[in-house]
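Structure record follows, encoded as structure tokens.
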Amino acid sequence: MTDPAEEAALLEKARKGSVEAFSELVRQHQTAVRTYVARFVREGEVANDVAQEVFLTAFRALSSFRGEAAFRFWLLGIARRLVLSSLRAEARRRTRETSSLPGAVADWHADLLEATEPRASRHERELAALGRCLEQLPKPASQLVSDHYIRGRSTVEIARQTGKRDSAIRMALTRLRRLLRECMERRLQAEGAGS
Amino acid sequence: MTTTGRESLDQLWARFLAGDTLDAAEERALVTALERDPAAREARLGEAELHGLLRALLDEGAGERFVSEWQERWKHEQGKEPFVAAVETKLRAETRPNVPRRGRLSFFGVGLVIGAAAAMLVLVLRPRHADAPRPEQGTAGHAPGAPATTAPGDPPVADTAHGEREVARIEAVRGSGHRVSGGMVRPAAVGDRLASGDGLLAAADSSAIALGLPDGGRLRLRPDTVVGSLAENARSGTTSVFLASGTLEGDVTAAANARPFVIVTRHAQISVRGAAFTIEARARTTRAMVARGQVRVVADRQSATVEAGRQALVGDEGAVAVTRSSSRIASLLVGDARGEAADADQAIVRRLVALGFEVKTKAIATTSMAEVQDSAIVLVSASIRTDPGGTPPLVTRLRDLPRPLVTWEPRLFASLGMTLPGGQEQGVAPATVEILIKDPWHPLSAGLSGTVELVTDTSDGLRWAAPGPFAAWAATLPGEPTKAICFGYDTGVPMPGGQAPARRVGLGMKVTSPLHLSEAGWAVFEAAVRWAANGDATP
């Protein structure tokens, strides 16, 4: 969690041009921004580029940030605009190529993002809920998450390692994601009811 | 394979998320199934979101790598002129698939990127326009890649500084214009000769570049325009430009020795011979407006010939819609203003011209509805209050005008249906110059956030209003969340005085405020005009 006083001091220095201070802000907020972008931008390299652009844009425009909203929400507002732009560009590019699914997915994501209210605070709460849901996963599921998402092994590699068919691994991942999603929803609802 | 069964849909989607390559039939089947079933689509998108979230969240060491990379990129940014940095950013966004990753474009690489982007898009578009009527052959017999030569009947042309054949020459530059040639970015200068592959950039303020073609034709880049490249095709005898973004005006001759002229955008190929035209290339659409002669517009799915007085709109889906042209006419309705009030209206005119509008200033007392029906946007100046005799009758009729409308006179809001009538719905905040951006994400907010200074003169004060619940509130008075200074209604949204027939924007300013608008104030004004006129969520 960011200390507001420390963040205010870093912002003050960054406004005066301190790259070191802004780098610290990048360090503190990169997870929120990277994960927000990665939700919608499918290709990792492109998502990384967009997330980098968020911080470059923010540093250039820092004088316009007056602190009425949280700095992180301001960053996520910039991220939302850049993600939308990236998704639309991706959709256009893919439409011009033969493959249609990635373009359609980009377009659907963009439509969804445009149709919904900015939900920076929800992203924060979802991240926290996901963290808690991951902690509660049963061991086989936790192992699968670790192999696929932390170690970066493909479903084919995991299948070879476990002696299962890769289609079975893919479906296990599908079920796992659904479980995590349901777990997150329950937690968010419980939070809402409790607040 | 069939994908109607839930199991096969799940399998295909799981393969897609796992990064497998699906064949075209599988992709089509999945797209079709998900397009038909919004609930299934939403569930799959939710799963894709979670997949991306997990990948980013659980990527060990990504945080430190990210910070180092950011520092490296910032250092790179600082080593360049701001203009070039902005161009790189724009090009990176528009040409991402072919641009080297991680922003390591060199200062002098911008031109190559532009060229690559142009080449890529021309190549991508060409096969899709294979059914397009080919321009007449001006020269023939050249093998692909052979050097261009002058054919009998071609107009005499000079060579560029590099000994290449001249495609166009810069005749005038206003503001900040740049030329990209041989990978170098230089300020554009009058007399510069442009060869095949050269690009041009007119900056986003009021900059513009005028070009002359060897056959006597004229082109003009309006502000915020990027021409990726000019090219001369020896085989087809055409001159072409790739318009990456912005607005290009042209007047191309129909003389016997004139070269057919082709404009390529992301959405369409527009062939011109003997026509005066304006082409707008935007993120999602290309618009071709014809003032004289005719042009041929070819898109993915349709093509059309567009006559004078008409316009063609091409979207991402590749369809061509031809309608009567309202051009880019902005009708500014004013009162019998004199002195500072008249100067303020002139400041608005200048700003609209810089935005690319042809401005028609009309006295509201003598203007009919018919005279503003075809405008791209109608602006009602606060100077109309200088007219004697109260609110002009046209104002009430404007409430139903199906064209975008912007006004900065709050005392008209109720007549236009934008607020309820009554004294509680509007007021004056004397000696106030600042506004609070309420929704930084909305295009009306011009990318601003927090508290910003709208006007520089405290004697102006600000005018607030209380719009209806369906309005987008872009800015309020600081500390006064119910007093809006900038708000808008999207088309079809309920306003207190009826449904919005087109976009409506209200700004709370004094008649002379345009003379004292800050930089942020003009940004808000421009955002209001763009949002209203474009019907586009992107500012």
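If you take the residues in region B:41-61 that are more than 7 Å from chain A (Cβ to nearest Cβ) and in a helix (DSSP H, G or I), which one is surrounded by the fewest Cβ atoms within 10 Å (Cβ to Cβ)?
B:Glu42
Going by the structure shown, is B:Arg220 among the basic types (Lys, Arg), surrounded by 21 or more Cβ atoms within 10 Å (Cβ to Cβ) and modelled with pLDDT of 85 or more?
Values: among the basic types (Lys, Arg): yes; surrounded by 21 or more Cβ atoms within 10 Å (Cβ to Cβ): no; modelled with pLDDT of 85 or more: yes.
In short, no.
Among the residues of region B:324-342, count how many are in a strand (DSSP E or B) and modelled with pLDDT under 75. I'd like the intermediate steps shown before the answer.
First pass over region B:324-342, keeping only residues in a strand (DSSP E or B): B:324, B:329-334.
When the remaining residues are screened for being modelled with pLDDT under 75, the result is B:324.
Qualifying residue count, region B:324-342: 1.
Which numbered condition in (1) open to solvent by 20 Å² or more (accessible area, probe 1.4 Å); (2) within 14 Å of chain A (Cβ to nearest Cβ); (3) of a type in the set (A, V, I, L, M, F, W, C); (4) over 28 Å from A:Glu114 (Cβ atoms) is the only one that B:Trp473 fails?
B:Trp473 satisfies every listed condition except (4).
Between B:Leu405, B:Leu352, B:Leu416, B:Leu448, which is touching a residue at least 40 places away in the same chain (Cβ under 8 Å) and open to solvent by 10 Å² or more (accessible area, probe 1.4 Å)?
Values: B:Leu405 fails: open to solvent by 10 Å² or more (accessible area, probe 1.4 Å); B:Leu352 fails: open to solvent by 10 Å² or more (accessible area, probe 1.4 Å); B:Leu416 fails: open to solvent by 10 Å² or more (accessible area, probe 1.4 Å).
Of the residues listed, the single one that is touching a residue at least 40 places away in the same chain (Cβ under 8 Å) and open to solvent by 10 Å² or more (accessible area, probe 1.4 Å) is B:Leu448.
Can you name the residue in region B:193-214 that is assigned to a loop (DSSP other than H, G, I, E, B) and open to solvent by less than 30 Å² (accessible area, probe 1.4 Å) and, of all such residues, is farthest from B:Ala281 (Cα to Cα)?
Out of the qualifying residues, it is B:Leu213.
Kindly provide the set of residues from region B:281-307 that are hydroxyl-bearing (Ser, Thr, Tyr) and open to solvent by less than 10 Å² (accessible area, probe 1.4 Å), ordered by number.
Keep residues of region B:281-307 that are hydroxyl-bearing (Ser, Thr, Tyr), which gives B:285-286, B:303, B:305.
B:Thr286, the sole residue that qualifies.
Give the residues of region B:502-539 that are more than 26 Å from B:Gly246 (Cβ to Cβ) and open to solvent by 40 Å² or more (accessible area, probe 1.4 Å), sorted by residue number. Spell out the reasoning first.
Pass one, region B:502-539, residues more than 26 Å from B:Gly246 (Cβ to Cβ): B:504, B:506, B:508-513, B:515-516.
Within region B:502-539, B:Lys510, B:Leu515 qualify.
All but one of (1) open to solvent by 80 Å² or more (accessible area, probe 1.4 Å); (2) at pLDDT 70 or above; (3) over 25 Å from B:Arg282 (Cβ atoms) hold for B:Pro156; which doesn't?
Failed condition: (2).
Might you let me know whether region A:151-164 holds any residue that is buried (at least 20 other Cβ atoms within 10 Å of the Cβ), in contact (Cβ under 8 Å) with a residue 12 or more places away in the chain and more than 7 Å from chain B (Cβ to nearest Cβ)? Full working, then the answer.
Within region A:151-164, the first condition is being buried (at least 20 other Cβ atoms within 10 Å of the Cβ), and the residues that meet it are A:155, A:158.
Then keep just the ones that are in contact (Cβ under 8 Å) with a residue 12 or more places away in the chain; that gives A:155, A:158.
Next, only the ones that are more than 7 Å from chain B (Cβ to nearest Cβ) stay: A:158.
Yes: one or more hits.
Tell me, which residue of region B:70-81 that is acidic (Asp, Glu) and open to solvent by 20 Å² or more (accessible area, probe 1.4 Å) is modelled with the highest pLDDT? Steps first, please.
Residues of region B:70-81 acidic (Asp, Glu): B:72, B:77, B:81.
Narrowing the set further to residues that are open to solvent by 20 Å² or more (accessible area, probe 1.4 Å) leaves B:72, B:81.
Values: B:Glu72: 83, B:Glu81: 49.
Among those residues, the one meeting the criterion is B:Glu72.
Would you pick out the residues in region A:54-96 that are more than 8 Å from chain B (Cβ to nearest Cβ), open to solvent by less than 40 Å² (accessible area, probe 1.4 Å) and among the small types (Gly, Ala, Ser)?
A:Ala58, A:Ala79 - these are the residues of region A:54-96 that are more than 8 Å from chain B (Cβ to nearest Cβ), open to solvent by less than 40 Å² (accessible area, probe 1.4 Å) and among the small types (Gly, Ala, Ser).
Residues of region B:15-40 being surrounded by 17 or more Cβ atoms within 10 Å (Cβ to Cβ) and farther than 24 Å from A:Leu127 by Cβ, which ones? Don't jump to the end; show me each part of the working.
First pass over region B:15-40, keeping only residues surrounded by 17 or more Cβ atoms within 10 Å (Cβ to Cβ): B:15-18, B:22, B:26-27, B:29-31, B:33-34.
B:Arg15, B:Phe16, B:Leu22, B:Glu26, B:Glu27, B:Ala29, B:Leu30, B:Val31, B:Ala33, B:Leu34, listed by residue number.
Being modelled with pLDDT under 85, outside any loop (DSSP other than H, G, I, E, B) and open to solvent by less than 40 Å² (accessible area, probe 1.4 Å) is the filter here, so list the residues in region B:178-192 that pass it.
If the condition is that a residue be modelled with pLDDT under 85, outside any loop (DSSP other than H, G, I, E, B) and open to solvent by less than 40 Å² (accessible area, probe 1.4 Å), then B:Val180, B:Ser181, B:Val185 are the ones that fit.
For region A:179-186, state whether one or more residues are modelled with pLDDT of 85 or more, touching a helix residue (DSSP H, G or I) at 6+ places or on another chain (Cβ under 7 Å) and open to solvent by less than 10 Å² (accessible area, probe 1.4 Å).
Yes, there is a match, as at least one residue in region A:179-186 is modelled with pLDDT of 85 or more, touching a helix residue (DSSP H, G or I) at 6+ places or on another chain (Cβ under 7 Å) and open to solvent by less than 10 Å² (accessible area, probe 1.4 Å).
The values are calculated or read from the model by the stated rules, or taken from the named source; none is laboratory data. None of these values were measured; they are calculated from a predicted model. Here the Cβ is made from the backbone with ideal geometry for all residues, glycine too, and neighbour counts use every protein chain on show. Remember, those area values only see protein heavy atoms, side chains included, never the ligands or the DNA or RNA. Shrake-Rupley method; radii C 1.70, N 1.55, O 1.52, S 1.80 Å.
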